[in-house]
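The values are calculated or read from the model by the stated rules, or taken from the named source; none is laboratory data. Keep in mind that what you see is a predicted model, and the values were worked out from it rather than measured. Cβ: placed from backbone, ideal geometry, glycine included. Neighbour counts: every protein chain shown.
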Amino acid sequence: MNERRPTDFELAVALRAHLPVRAPADLWDAVATTVAETRQQRAWPSIVGALTDADPMVRRRSTLLVAAALLAVAFLGLVAAGALHLWQPAPFPGAHGLFAFVRQGDLYVASADGRDVVRVAHVDGSDLTTPRWSADRRWLAVQTPEPAILGLDLRSGELRRLAAGTISAWSPVDATLAYYTPGGDIALLDVERGQERVLGQEHADPDQGYPTYGGVLVWSPDGRQLAMTDAIDGALVRVDAATGARTTVVASTTCCAFRPTWSPDAGRIAYSVWSERSVPAGFWVAGADGTGIIEVRDAEGPASDPVWSPDGAWIAYRANHWEGEVRTDRLMIVRPDGRDRRRLVDRFGDIVAWSSDGLGIAYTVRDNEGDAERREVHVIRLADGSDRVLPLPRDATDLAWGLPAQNTPAIGLDLPLPSLTVPVTSDEPPVQPASGQPARGDASWGALAFRVQQGESDCYVGIQRFGGALTIVPPPDGPPPRNPPEAAPPEPGASAAPQPAGESCDFTFAPDGSAFSVTSQAHQSFSIVGNDGVVLSGPFPWHDVPTWSPAGSWVSTSGCDAAGACSASGSMIMRPDGSDRHELPGRPVWSGDEQTLAVLDRDGQLLVGGGDGSGLRPIGVFPLPAAWAPDGSEFVFVRDGDAWIARADGSQVHNLTGFDLGGVTGAWWSPDGRWIAVLQGTTMWAFSPDGSVQQRLGSHLGHPAGGWGPEWAPVWSPDSAWLAIEHDDPNAGVGGTQADVTLVHAGDWRAVRLANAWQPAWSLDGRHLAVVSSSGGGYVADVTDASGSGRTTVFAGLPYPPLGWVD
Amino acid sequence: VDGLAATTERPAASTDDALVQRARKGDAAAFDVLVASRLDRCYRLAWSILLNDADAADATQEAFVAAWRQLPRLRDARAFDGWLNRIVANAARMSRRHRIRLREVQVRPVAAEAADGEPPEQQGVPPDMPSDFDRVLDADAIGRAFDRLRDHERLILTLHYVEERPVAEIATALGVPVGTAKWRLHAARRALEQAMEVDA
């Protein structure tokens, strides 16, 4: 009997090995053909109609359909030629990831905080250099002196020879490696397919030292072009990755345009200009078509080595500062148009990477001790200049930051990969509340609702009134509950592993505690049920789990059925009793008083109207509000990495956060209107709506990547006194499924952390907080008071319930 | 600061967002680029539900046709991946139901094939299996246990552990709240462990 539970790492590895890696080779042909036939079926009647219909709108549509059909034919031709370019979105080096580096000729990796150093490759008699992470997260390439390129398959741990030549760069969109052959050709190798293409001669002249300058070949973010320095005349050129065609971006003037770096939108290229092939003269920014060239000057010394920030708002670079004959390079940042220059570090070696949230930069500092060059790796937080040293080996060289797939088998690490962002020292550690004495509560606590297993179905809802009876509410089409459990809650800490569910439902509870929705997976329908079990409306043949308006007066769905077919507008709302059902142009976001709602139309116009969707009028191009002020007079939205506030009519737009480096992903207005919680990266802030108060609540209160993902939302208590923040357990690791809840008190901002806690739900009167936690093989429901103290297990043996308070 | 911010252009959409926008308006080439890059992943998802190559290929094909038809109704380009995963999952489920009905009519299901379509129990665990599994055997055990799970459990485990999709996107793909997706993930994980215990 195997008693050991598989770790996340083992599970991921085993499932990846178990499932097919690729679709059958002929599937794409079949898919493309079928989809093309579908297009023709759609397009043909419109073409015929266009010949007889004088309506210009119809003609325009038909023209588009004809064009689509022609494109489809052209595409099939491409498929037949085998020229289809498969690609995946490229992750930017981010808050999670690994450093690869070389130490004494061997290849090592380390976690983001510089710890957990592991040697991953050693080749007898050969010094490895220049590690490069692939963008598809599956490969780590490394150079040998031969020269040859070796690839470490991160899935299997196999180290194999990929090609003869010199490493340049992985494509940002797939597993294609650009490199130079020993003969000076630029070649692309699709490592997964073993296909190699030569793009043309590089004009390498080894006697002149080319192409050893700079990054040599730099992929555009869309993976379609390569920027490089022409080895003959030093011009900046673009090479089409598909055809090999060259385009001169900037002709050489003094000498050479080195180390190009693309802006994230691929629209611009920044590059260093060296005057005599060894002396940096400055860096320049040019449009990818060679227009709009500007020189970024620096009084500190010639600027070089630009590196674009992930959001394109900043460029980090080196200012080559001379004091007599001693050069001390300074790490600087500047806007791409040359404005707003800032000095970050007075003495540094190389820029390693920006963090993906753009809030920090990893860089090296060198010092020479005897013959051995030693270095430190630092991370600086740009907002406040705080800086820390990572405990990497000081003889580490060739640092490369990458984002391999989580739990990389080849490296043998199942690490909690910490954030690259710098913790701020003013953080007060959360206080773990003392265990409270068992308190079963009384009638004044109200009632908790949760999922209950009945036989093979988990579609039953248990409503437990504190100090009262347990009521089991069956699903609308289900048999009455059997063998109702006893009313008395179990002993605190007791647990029972639930049985697997044969029939499964999803629930959402009305915010006012009056009713809940039941969505049956089997029937692809949902109903609204009162707490007494009376079906208020439904079943409706829609697949979505509906959501509730803030006070529970409305229910909204996307109106999509199981096959993905949606209502014309894509959004429906109705009263809980099924009345007043009508479509909206988009998903509604209500104000707290439900007197106002906003929807986004297809053109990006934000429409604002009454709480029933009446009188919708466009107020301008805005994102959907992150939150409304309680009275609906203003709304907060996220744009360009900041939280902004606007009046309900679209006027008086102002930037609330004004963060230098952006990074805002969400905002939540307190019910009393006094505070707006804002998430920046993994840091939570509280702002007063007028911006006069700005309070940092803590870091690591969210994970931009991995873990639960960014969509969890903090929950204000009804009286706005506390903010409950569900977040990844910082000790559980990326991809882990453990979570904590941190409570922050508004005003004095003290924090309390509830470990092993999910899904915080405030009682209707705000006096208590319910959370779910794992215990043994099952789940239990805990209740604390509003301050997080007196944590007490009130129910056990829950089959993965949604937990809600009911009236 | 002023009202201008409301009328300035929105930030440049990512490449995928732009492709979705174009495909939604009927740009077939953009649609092909979008789905071609996701073919392997969608096939893997379908396979995780159907557990065989032919059905997974058929379901993937049906899903892509449905996606082309439904794309004009996708409102938020950023939700494309979750939306597509959902269509694939639904196509695979429908295929599974259809297949089960056919089997009920045409052949008598084998004893181990339950009426609800559960695959037969896997063989191959020798009785003298050592209690201390090595990693390779553990991987095999996980694979066998995975095949014995219900389709929605296999689907969510695949999305999370293989495709590394954040739970929020999984919630979108399944059409459920984020909290529900978390619980389903926990439950699927636990079901897998229980299946491994039975297997052992």
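Taken over segment A:116-140, residues that are touching a residue at least 40 places away in the same chain (Cβ under 8 Å), outside any loop (DSSP other than H, G, I, E, B) and on the phi < 0 side of the Ramachandran plot amount to 8.
Give me the residue from segment A:439-456 that is in a strand (DSSP E or B) and touching a Gly at 6+ places or on another chain (Cβ under 6 Å) and, out of that set, farthest from residue A:766 (Cα to Cα). Write out each step before concluding.
Taking segment A:439-456 and keeping what is in a strand (DSSP E or B), we get A:447-454.
Next cut, touching a Gly at 6+ places or on another chain (Cβ under 6 Å) only: A:449-450, A:452.
On the way: A:449: 16, A:450: 19, A:452: 25 Å.
Here the residue is A:452.
Within segment B:14-29, restricting attention to residues that are more than 8 Å from chain A (Cβ to nearest Cβ) and buried (at least 22 other Cβ atoms within 10 Å of the Cβ), the residue that is farthest from residue B:63 (Cα to Cα) is B:19. Being surrounded by fewer than 19 Cβ atoms within 10 Å (Cβ to Cβ), within 26 Å of residue A:390 (Cα to Cα), of a type outside the set (Gly, Ala, Ser) and touching a residue at least 12 places away in the same chain (Cβ under 8 Å) is the requirement here; does residue A:318 meet it? For residue A:318, the condition - surrounded by fewer than 19 Cβ atoms within 10 Å (Cβ to Cβ), within 26 Å of residue A:390 (Cα to Cα), of a type outside the set (Gly, Ala, Ser) and touching a residue at least 12 places away in the same chain (Cβ under 8 Å) - is not met. Candidates are the residues of segment A:514-558 that are of a type in the set (Gly, Ala, Ser) and part of a loop (DSSP other than H, G, I, E, B); the one that is surrounded by the fewest Cβ atoms within 10 Å (Cβ to Cβ) is A:522.
Kindly evaluate residue A:440 against the criterion of being surrounded by 13 or more Cβ atoms within 10 Å (Cβ to Cβ), modelled with pLDDT under 75, in contact with a Ser or Thr (Cβ under 9 Å, 6 or more places away or on another chain) and of a type in the set (Lys, Arg). Yes: the conditions hold for residue A:440. Right, residue A:659: buried (at least 19 other Cβ atoms within 10 Å of the Cβ), outside any strand (DSSP E or B) and of a type in the set (A, V, I, L, M, F, W, C) or not? Considered against the rule, which asks whether it is buried (at least 19 other Cβ atoms within 10 Å of the Cβ), outside any strand (DSSP E or B) and of a type in the set (A, V, I, L, M, F, W, C), residue A:659 comes out as yes.
The residue pairs whose first member lies in segment B:55-66 and is at the interface with chain A (Cβ under 7 Å from one of its Cβ atoms), whose second member is part of a helix (DSSP H, G or I) and charged (D, E, K, R), and whose beta carbons are closer than 9 Å, counting only pairs six or more residues apart or on different chains, are B:65/A:37. Listed by first and then second residue, the pairs with beta-carbon distance under 6 Å, at least 6 apart or on different chains, first residue in segment A:751-769 and within 13 Å of residue B:182 (Cβ to Cβ) and within 14 Å of chain B (Cβ to nearest Cβ), second of a type in the set (Val, Ile, Thr) and part of a strand (DSSP E or B), are A:757/A:741; A:757/A:771; A:758/A:772; A:759/A:772; A:760/A:715; A:760/A:741; A:760/A:771. For segment A:276-292: of the residues being surrounded by 15 or more Cβ atoms within 10 Å (Cβ to Cβ) and assigned to a loop (DSSP other than H, G, I, E, B), which is modelled with the lowest pLDDT? It comes out as A:290.
If you go through segment A:162-171 one residue at a time, do you hit one that is part of a loop (DSSP other than H, G, I, E, B) and touching a residue at least 60 places away in the same chain (Cβ under 8 Å)?
The initial filter retains those residues of segment A:162-171 that are part of a loop (DSSP other than H, G, I, E, B), namely A:165, A:171.
Filter again for touching a residue at least 60 places away in the same chain (Cβ under 8 Å), leaving A:171.
Yes, that holds for at least one residue.
Residue count for segment B:180-192 under the criterion of being surrounded by fewer than 23 Cβ atoms within 10 Å (Cβ to Cβ) and either free of Cβ contacts under 8 Å to residues at least 24 places away in the same chain or not in a helix (DSSP H, G or I) (or both): the result is 2. Inspect segment A:623-639 for any residue being closer than 21 Å to residue A:515 by Cβ, assigned to a loop (DSSP other than H, G, I, E, B) and over 26 Å from the mean Cα position of the chain (by Cα) and give the result as yes or no. Scanning segment A:623-639, I find no residue that is closer than 21 Å to residue A:515 by Cβ, assigned to a loop (DSSP other than H, G, I, E, B) and over 26 Å from the mean Cα position of the chain (by Cα), so the answer is no. Restrict the check to segment A:685-697 and report whether at least one residue is modelled with pLDDT of 85 or more and on the phi > 0 side of the Ramachandran plot. Looking for residues that are modelled with pLDDT of 85 or more and on the phi > 0 side of the Ramachandran plot, one finds at least one in segment A:685-697, hence yes.
Number of residues in segment B:159-177 that are facing another protein chain (nearest Cβ under 7 Å) and over 17 Å from residue A:521 (Cβ atoms) equals 7.
Being over 33 Å from the mean Cα position of the chain (by Cα) and part of a strand (DSSP E or B) is the filter here; which residues of segment A:295-307 pass it?
A:295
Can you tell me which residue among A:592, A:673, A:578, A:586 is more than 22 Å from the chain's Cα centre (by Cα), outside any strand (DSSP E or B), more than 13 Å from chain B (Cβ to nearest Cβ) and farther than 30 Å from residue A:721 by Cα? Spell out how you get there, then give the answer.
On the way: A:592 fails: farther than 30 Å from residue A:721 by Cα; A:673 fails: farther than 30 Å from residue A:721 by Cα; A:586 fails: more than 13 Å from chain B (Cβ to nearest Cβ).
Just a single option satisfies the conditions, and that option is A:578.
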